[in-house]
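Reviewing the structure listed below.
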Amino acid sequence: MAKQPTGRGRRWLEKTRLILGHVAAVVIGFALMVVGLGLGVTMIMLPIGLLVGLIGVMLFVWGLVGHLGNDR
């Protein structure tokens, strides 16, 4: 049975999980922006490219500033 971390170890794990989540959001958001740009080059895929690109921008921005306002 695994032992649950307490005190400083638990806070360290929570902060690491939070940081990794934001880094993943930035990387995935950037990848979606690039894919959206690639799709938007062709006129047929322009609407889908715009949607994918905007979702990527929102995810990218959330990854950068999503922690602001949390008082933990």
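The values are calculated or read from the model by the stated rules, or taken from the named source; none is laboratory data. Please read all numbers here as calculations on a predicted model, not as lab measurements. Ideal geometry is used to build each Cβ from the backbone, glycine not excepted, and the neighbour counts take in all protein chains shown.
A few notes on this one:
- Hits in region 59-72 - residues which are in a helix (DSSP H, G or I) and exposed (fewer than 14 other Cβ atoms within 10 Å of the Cβ): Val61, Leu64, Val65
- Count of residues meeting criterion [at pLDDT below 85 and of a type in the set (A, V, I, L, M)] in region 1-47: 2
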